[in-house]
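Input: one structure, supplied below.
The numbers here are math on the coordinates, done by the rules we state, and not lab data. Just so it is clear, the model here is predicted, and its values are computed rather than measured. A quick note on method: Cβ atoms are made from the backbone with ideal geometry, for glycine too, and the neighbour counts reach across all protein chains shown.
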Amino acid sequence: MKKALVHDWYYVDGGAEKVIKSFNSIWKDFDHFALVDFLKNEDRKAILNGKKVTTSFIQKLPTAKKGHQKFLQWFPYAIEQFDFTEYDLILSSSASVSKGVLTNQNQLHICYCHSPVRYAWDLYHQYLKETGLNNGLKGIYAKYVLHKIRNWDILNTNRVDYFIANSNFVAGRIKKIYNREATVIYPPVDTDLFTLNENKEEYYFTASRMVSYKKVELIVRAFNEMPNKKLIVAGAGPEFKKINKIAKRNITLLGFISGNELKIHLQKAKAFIYAAEEDFGIVPVEAQSCGTPVIAYAKGGLKETVINNKTGVFFYEQSEQAIIKAINNFSKLEFNPILIREHALKFSVDRFQKEIKNFVEKKYLDFKSKGI
């Protein structure tokens, strides 16, 4: 069985790349494909076992390294240029266009879907507002491009034989947008790395990319109203300077931190705060793996990974007052770090790899038994 693994793009070591790393631990003979690959050598070793990635023409376009997203209008065309004729199994890891690769009836294509294209679907209006593309000629062109992306995204759903979703939340989105059923296999969380620490310190912690939909600014503004509570914020991104300007003395912004630093902060935090509507949310589960409760927005994948009043506390609006109320409620409760970690073990790497391996290999055997 000759296998290809297609990912949208490689430029950071994020949650989707943890899934890729597990794929490469299960099957070590993938050939790799992506629109672009700008990984640092150490990240390539960790994620891809140092293997080379076949990239599209976008890799060579001017300024692609600074921001490949600006070439969005070319993504569908670029992903269709890969030739998979010689492969028996194509596994795509998709939050954008990788599920749209061209295959034939003799090949099995399984898509691990992190989400349908969010900036073209559920985040469409938010994306236009935040990028200033609601009006004017640029706005008209952006809306036209996203309209074309949506049409193409629907048309290529039949290129996938089986969908795997990273949460029930995403499976519902796949059903709504693509009218396809998806099997849910939660992403891998490194519970061996993020170990239990029962001794918590008097600070709250949050960590994510500094982009608007992660709602880091909202968390900071809430803690601005609680000067007696300490907040530590980790992460870098386009909103860092703006958030740093409004943060009061009880708030510390660390910027980008290493994986080991993240683990230490998660282990010692009184609670981890998360205000985004997330498809799954790996870092909140990493926090629980450390025995740290999570204070989270009760929507999306976190409703599947946090147990209200047992492994964390929910708030039900993305507002400063809702966060403040949740923290006050949290302060009245007692949490057992050992039980919180036990819950997180349900999302371990070993569990993910067993479920994925069984699913893919069974579907492949079924596919071959039909004599196709």
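Calculate, in nm to one decimal, what Gln321 and Tyr203 gain on full extension: separation in residues at 0.36 nm each, minus their alpha carbon distance. Before the final figure, lay out each step's value.
On the way: separation 118, 0.36 × 118 = 42.48 nm, distance 1.91 nm.
Working it through step by step, the gained length comes to 40.6 nm.
Just name one of Phe57, Leu218, Leu102: the one whose Cα is farthest towards the positive end of the charge dipole of the chain (beta-carbon charges, Lys/Arg +1, Asp/Glu -1).
Leu218
Could the peptides 132-142, 347-357, 54-64 be put in order, highest first, of the mean number of other beta-carbon atoms found within 10 Å of their residues? Intermediate values should be presented prior to the final figure.
Details: 132-142: 12.4, 347-357: 17.2, 54-64: 15.5.
Listed from highest to lowest mean packing, they are 347-357, 54-64, 132-142.
Comparing Tyr274, Tyr11, Tyr144, which has the greatest mean-square fluctuation in the GNM of the chain with Cα pairs linked when under 10 Å apart?
Tyr144
Picking from Ala344, Ala222, Ala16, which is most flexible by a Gaussian network model of the chain using Cα springs under 10 Å?
Ala222
Please tell me which of these pairs span more than 20 angstrom C-alpha to C-alpha: Lys268/Lys299; Lys18/Lys40; Lys21/Lys52; Lys129/Lys242; Lys200/Lys346? Spell out each step's value before the answer.
Working: Lys268/Lys299 26 Å; Lys18/Lys40 15 Å; Lys21/Lys52 14 Å; Lys129/Lys242 17 Å; Lys200/Lys346 23 Å.
Those over the limit are Lys268/Lys299; Lys200/Lys346.
In addition: Treat every Asp and Glu Cβ in the range 1-134 as -1 and every Lys and Arg Cβ as +1, leave all other atoms uncharged, and give the resulting dipole magnitude about the Cα centre to the nearest 20 debye.
Working: 17 positive and 14 negative charges, 74 e Å.
Rounded to the nearest 20 debye, it is 360 debye.
Positive end of the dipole of the range 215-324, charges at C-beta (+1 Lys, Arg; -1 Asp, Glu), about the Cα centre: which of Thr305, Pro238, Gln267 has its Cα farthest in that direction?
Of the listed residues, the answer is Gln267.
Quick check: residue separation of Lys40 and Asn328 times 0.36 nm, minus the Cα distance between them. What number comes out in nm? Before the final figure, lay out each step's value.
Working: separation 288, 0.36 × 288 = 103.68 nm, distance 4.23 nm.
Result: 99.5 nm gained on full extension.
Follow-up question, since we're still on this one. So what is Rg over Rh here for the range 93-226, counting just Cα atoms and using Kirkwood for Rh?
Values: Rg = 19.3 Å, Rh = 17.9 Å.
Computed over Cα atoms, the ratio is 1.07.
Which order do the peptides 289-295, 244-250, 188-194 take when ranked by the mean count of other beta-carbon atoms within 10 Å per residue, highest first? Provide the component values of the computation, followed by the final result.
Details: 289-295: 26.4, 244-250: 12.3, 188-194: 20.0.
The densest-packed peptide leads the list: 289-295, 188-194, 244-250.
Compute a Gaussian network model of the chain, connecting alpha carbons closer than 10 Å, and tell me which residue from Leu108, Leu89, Leu339 fluctuates the most.
Taking springs between Cα atoms under 10 Å, the residue moving most is Leu339.
Can I ask one more? Rounded to the nearest 5, what is the percent of antiparallel bridges among the DSSP beta bridges in the range 204-346? Could you put the intermediate results ahead of the total?
Values: 0 of 19 bridges.
Antiparallel bridges make up about 0 percent of those DSSP assigns within the range 204-346.
Where does the range 204-346 land on Rg/Rh, using Cα atoms and the Kirkwood Rh?
Working: Rg = 13.7 Å, Rh = 14.8 Å.
Ratio value, two decimals: 0.93.
Magnitude of the Cβ-charge dipole of the range 204-346, K/R +1 and D/E -1, about the Cα centre, nearest 20 debye?
Working: 21 positive and 13 negative charges, 92 e Å.
The dipole magnitude comes to about 440 debye.
I've got another one for you. Using only the C-alpha atoms of the range 141-286, find the volume of their convex hull and express it per residue in Å³. It would help to have the intermediate numbers written out before the result.
Values: hull volume 21.7 nm³, N = 146.
Cα convex hull per residue, to the nearest whole number: 148 Å³.
Quick check: residue separation of Lys176 and Asp192 times 0.36 nm, minus the Cα distance between them. What number comes out in nm? Write down the numbers at each step before the final one.
Numbers: separation 16, 0.36 × 16 = 5.76 nm, distance 3.58 nm.
Working it through step by step, the gained length comes to 2.2 nm.
Also, quick follow-up: How large is the Rg to Rh ratio of the range 211-261 when both quantities use alpha carbon positions and Rh follows Kirkwood? If you can, show how the numbers build up before the last one.
Numbers: Rg = 10.7 Å, Rh = 11.2 Å.
In the range 211-261, Rg relative to Rh is 0.95.
Need one number: % antiparallel among DSSP beta bridges in the chain, to the nearest 5.
Values: 0 of 46 bridges.
If I count the DSSP bridges inside the chain, around 0 percent turn out antiparallel.
Where the eigenvalues come from the Cα gyration tensor of the range 32-138, what are the semi-axes √(5λ) of the equivalent ellipsoid, largest first, in whole Å? Intermediate values should be presented prior to the final figure.
Values: eigenvalues 141, 69, 38 Å².
Semi-axis lengths for the range 32-138 are 27, 19, 14 Å.
Projected onto the charge dipole of the chain (+1 at Lys/Arg Cβ, -1 at Asp/Glu Cβ, origin at the Cα centre), which of Gly255, Asn158, Phe347 gives the Cα projection farthest towards the positive end?
The residue sitting most towards the positive pole is Gly255.
Ok, one more. Once you charge only the Cβ atoms, +1 for Lys and Arg and -1 for Asp and Glu, what is the size of the charge dipole of the chain about its Cα centre, to the nearest 20 debye? Could the numbers behind the result be given before it?
On the way: 55 positive and 39 negative charges, 149 e Å.
Roughly 720 debye for the chain.
Report Rg (one decimal) and Dmax (nearest whole number) for the chain, counting Cα atoms only, units Å.
21.0, 68
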